[in-house]
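K.L.:
Here it is: the structure, laid out below.
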Amino acid sequence: MTTPDGAPAAALRDIPPDTTGTGSSPADTPQTAERSETAPGSRRRPRFPVLSGIRRAPSTLRRVLQALGNEATPDDEPDVPEISPDLVPLLRTLGRAMLDSGQSVNDAQDVLKQVADLHGAHTVQTLVLPTCVFIRVQTASGVVTDFTDAAGSGLDLDQIGALYAVIRKLRNQTIDLADARAELRVIRSRPPRFGAVLTVVGHAILTLGFGLILNPTLDLLPVFVVLGLGVGLLRWLAARWPTLSTALPVVASFLVTVLAIQVVQPWLGDSPLQVLVPPLISFLPGSVLTVAAIELTSNQIVSGASRLLYGIAQLLLLVFGVVAGAAVAGDLIAGHGGERMGWWAPWVGVVLVGVGQMLFASTPRRSLPWVLVVLFAAYAAQLVGSYVAPEISGFFGALVIVPLATLVERTRTGPPAIITTLPAFWLLVPGALSFLGLSELVAGSAGSVSDIANAVVAVFAIALGMLVGTALTRDARRVGRTFFTE
């Protein structure tokens with residue numbers, strides 16, 4: 001089909017209509033020529049950027065959901081690798097060190113799996129319990145198994161910081177397996193940063209800090225210092241006398257109870273129960289109970305249940321000392337103290353808790369400012385949560401600990417996240433609540449049962465806050481990798 005002037009109709013359909021009114025073709029107009037000329041490789045600016053963003057939203061949402069979803073597992077079984085002979089001994093030593101740092105079995109298994117995968121052992125299998133580690137690896141030459149026991153505690157914060165520095169090197173593959181194992185042995189034999197005198201003084205400062213957090217009367221401050229020094233001296237002596245170490249919780253709680261009944265109540269008029277918790281804070285299994293709750297809510301039934309029973313046993317030992325002290329010195333009679341110090345006392349107590357932790361638990365060098373940042377944030381969040389729901393205020397405190405500790409770790413001078421997390425565990429004090437409830441039960445207080453129930457709720461609230469905070473941190477990291485590593 002042709003037009004009257006002989007031009008093909010299809011050709012005319014390809015030419016845009018004349019909108020200039022001059023009869024010239026669009027190619028002849030300078031405005032059209034300018035619009036048609038674009039630089040090579042440049043993108044044409046969208047006419048409606050808002051609508052363009054809406055059109056891109058589904059793909060962005062899909063990328064976010066893929067980042068938040070579970071990692072896909074390969075259908076085919078991986079080939080059996082030939083691994084280094086140093087890998088299994090390293091995993092054994094590393095797993096034991098992580099358990100001795102007080103970490104949950106979930107964290108220990110995750111780290112062991114990451115290290116094994118990075119070094120080619122994709123067939124590694126681990127069974128981590130609170131007091132032992134089993135390693136099984138399928139290699140090209142056969143099955144390699146190993147086992148070690150663990151104490152579940154015993155490393156100070158300085159050693160834990162050095163441990164996570166080695167873990168970071170293993171993740172970045174900047175250290176040989178044999179060298180990493182040698183460093184772990186050196187870390188285990190490293191002495192505390194501070195000597196015996198400063199360690200005992202640190203325990204006294206820690207006791208005073210927790211006493212201030214309870215907002216006591218001014219008369220109780222010297223009592224906290226003296227009792228903190230005494231219990232710190234007992235701990236130092238028990239580290240060198242195994243017989244005393246076995247019965248140390250009972251002996252310490254017995255002596256503190258006797259002094260509280262015979263001195264505090266008659267001389268100062270304060271309730272002896274107010275004096276029990278701060279000097280014994282280093283014995284309270286708050287972190288043990290919280291880690292047990294985390295493991296139970298993560299389907300680690302055996303580990304969580306055994307750790308929970310251990311924490312309850314520690315509390316019962318302390319309560320036994322209180323019962324024995326009350327039987328010798330008299331009843332735990334509620335007193336009527338003077339005026340409380342004021343709203344500022346707990347905030348000063350937070351500072352003293354950080355300083356006391358540095359001396360008593362040997363926090364790494366240059367980590368005190370970061371520890372205080374996390375302590376203040378955790379206490380502030382818990383304080384805000386107490387106005388919303390006092391029973392679960394620990395959830396709000398724990399919720400900010402993991403994200404903030406992770407951000408601190410990413411700074412140039414920030415310590416590993418666990419260094420700022422563990423002191424914050426102590427600050428939330430679920431063990432203090434439960435011990436106080438049990439002590440009031442011994443004294444015949446009417447509110448003791450509700451205090452124990454609130455302590456149980458507090459433990460699981462803190463555990464849930466840690467789990468949610470960890471999950472949010474992991475999701476934020478995945479989404480960040482999705483958008484900023486392409």
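The values are calculated or read from the model by the stated rules, or taken from the named source; none is laboratory data. If you're wondering where the values come from, they're calculated on a predicted model, not measured in any experiment. Cβ placement follows ideal geometry from the backbone for every residue including glycine, while neighbour counts extend to all protein chains displayed.
K.L.:
Checking the condition under 24 Å from LEU359 (Cα atoms) and either at pLDDT below 85 or assigned by TED's automatic domain parsing to the domain that holds GLY154 (or both), which residue from PRO266, PRO272, PRO242, PRO279 passes?
P.N.:
PRO242
K.L.:
Another question, if that's okay. Filter the stretch 288-307 for residues that are within 18 Å of the chain's Cα centre (by Cα), assigned to a helix (DSSP H, G or I) and surrounded by fewer than 21 Cβ atoms within 10 Å (Cβ to Cβ) and give the result.
P.N.:
Within the stretch 288-307, LEU296, THR297 meet the criteria.
K.L.:
Which number in (1) in a helix (DSSP H, G or I); (2) within 26 Å of the chain's Cα centre (by Cα); (3) crowded, with 17+ Cβ neighbours inside 10 Å marks the one condition that PHE194 misses?
P.N.:
(1)
K.L.:
I need the full set of residues from the stretch 340-369 which are modelled with pLDDT under 85, in a loop (DSSP other than H, G, I, E, B) and not hydrophobic (A, V, I, L, M, F, W, C), in order please.
P.N.:
Answer for the stretch 340-369, where residues must be modelled with pLDDT under 85, in a loop (DSSP other than H, G, I, E, B) and not hydrophobic (A, V, I, L, M, F, W, C): just GLY342.
K.L.:
Further, regarding this structure: Among the residues of the stretch 217-231, is any surrounded by 22 or more Cβ atoms within 10 Å (Cβ to Cβ) and within 19 Å of GLY195 (Cβ to Cβ)?
P.N.:
The answer is yes, given that some residue of the stretch 217-231 is surrounded by 22 or more Cβ atoms within 10 Å (Cβ to Cβ) and within 19 Å of GLY195 (Cβ to Cβ).
K.L.:
Name the residues in the stretch 217-271 that are in a loop (DSSP other than H, G, I, E, B) and basic (Lys, Arg), would you?
P.N.:
ARG240
K.L.:
When you scan the stretch 353-403, how many residues do you find that are without any contact (Cβ under 8 Å) to a residue 60 or more places away in the chain and of a type in the set (Gly, Ala, Ser)?
P.N.:
7
K.L.:
Taking LEU94, is it crowded, with 18+ Cβ neighbours inside 10 Å, in contact (Cβ under 8 Å) with a residue 12 or more places away in the chain and either out of contact with any Ser or Thr (no Cβ under 8 Å at 6 or more places or on another chain) or in the same structural domain as SER303 (by TED's automatic domain parsing) (or both)?
P.N.:
yes
K.L.:
Taking the stretch 365-395, which residues are aromatic (Phe, Trp, Tyr), within 21 Å of VAL291 (Cα to Cα) and surrounded by fewer than 22 Cβ atoms within 10 Å (Cβ to Cβ)?
P.N.:
TYR379
K.L.:
Mind counting the residues in the stretch 130-147 that are farther than 18 Å from VAL111 by Cα and either out of contact with any strand residue (DSSP E or B) (no Cβ under 8 Å at 6 or more places or on another chain) or not β-branched (Val, Ile, Thr) (or both)?
P.N.:
Here the count works out to 5.
K.L.:
Also, I was wondering about something else. Sort out which residues of the stretch 255-287 are out of contact with any Leu (no Cβ under 9 Å at 6 or more places or on another chain) and either crowded, with 24+ Cβ neighbours inside 10 Å or free of Cβ contacts under 8 Å to residues at least 12 places away in the same chain (or both), and write them in order of number.
P.N.:
PRO266, TRP267 - these are the residues of the stretch 255-287 that are out of contact with any Leu (no Cβ under 9 Å at 6 or more places or on another chain) and either crowded, with 24+ Cβ neighbours inside 10 Å or free of Cβ contacts under 8 Å to residues at least 12 places away in the same chain (or both).
K.L.:
Okay, moving on. Does THR217 satisfy being more than 23 Å from VAL350 (Cα to Cα) and assigned by TED's automatic domain parsing to the domain that holds PRO346?
P.N.:
Here the answer is no, as THR217 does not meet what is asked.
K.L.:
If I go through the stretch 321-339 residue by residue, how many of them are modelled with pLDDT of 75 or more and either closer than 16 Å to PRO278 by Cβ or part of a helix (DSSP H, G or I) (or both)?
P.N.:
So the answer is 9.
K.L.:
In the set LYS169, LYS113, which member is without any contact (Cβ under 8 Å) to a residue 60 or more places away in the chain, outside the structural domain of THR420 (by TED's automatic domain parsing) and within 23 Å of GLY304 (Cβ to Cβ)?
P.N.:
LYS113
K.L.:
Sticking with this structure for a sec: Going by the structure shown, is LEU94 over 16 Å from VAL144 (Cα atoms), assigned to a helix (DSSP H, G or I) and touching a helix residue (DSSP H, G or I) at 6+ places or on another chain (Cβ under 8 Å)?
P.N.:
Yes.
K.L.:
Test of understanding: among GLY437, GLY465, which residue is within 22 Å of VAL402 (Cβ to Cβ), at pLDDT 55 or above and out of contact with any Cys (no Cβ under 6 Å at 6 or more places or on another chain)?
P.N.:
Step by step, each of GLY437, GLY465 is checked, and only GLY465 is within 22 Å of VAL402 (Cβ to Cβ), at pLDDT 55 or above and out of contact with any Cys (no Cβ under 6 Å at 6 or more places or on another chain).
K.L.:
Looking at PRO249, PRO222 in this structure, which one is assigned by TED's automatic domain parsing to the domain that holds VAL322 and farther than 30 Å from THR93 by Cα?
P.N.:
Exactly one residue qualifies, and that residue is PRO222.
K.L.:
Here is a check on your reading of the model: is LEU184 under 24 Å from the mean Cα position of the chain (by Cα) and within 22 Å of LYS113 (Cβ to Cβ)?
P.N.:
When the stated conditions are applied, LEU184 passes them.
K.L.:
Within the stretch 153-177, track down each residue that is closer than 17 Å to GLY120 by Cα and part of a helix (DSSP H, G or I).
P.N.:
Residues satisfying the conditions are ILE167, LYS169, LEU170, ARG171, ASN172, LEU177.
K.L.:
Shifting gears a bit: Inspect all residues belonging to the stretch 176-190 and state whether any of them is touching a His at 6+ places or on another chain (Cβ under 8 Å) and surrounded by 16 or more Cβ atoms within 10 Å (Cβ to Cβ).
P.N.:
Checking the stretch 176-190: at least one residue is touching a His at 6+ places or on another chain (Cβ under 8 Å) and surrounded by 16 or more Cβ atoms within 10 Å (Cβ to Cβ).
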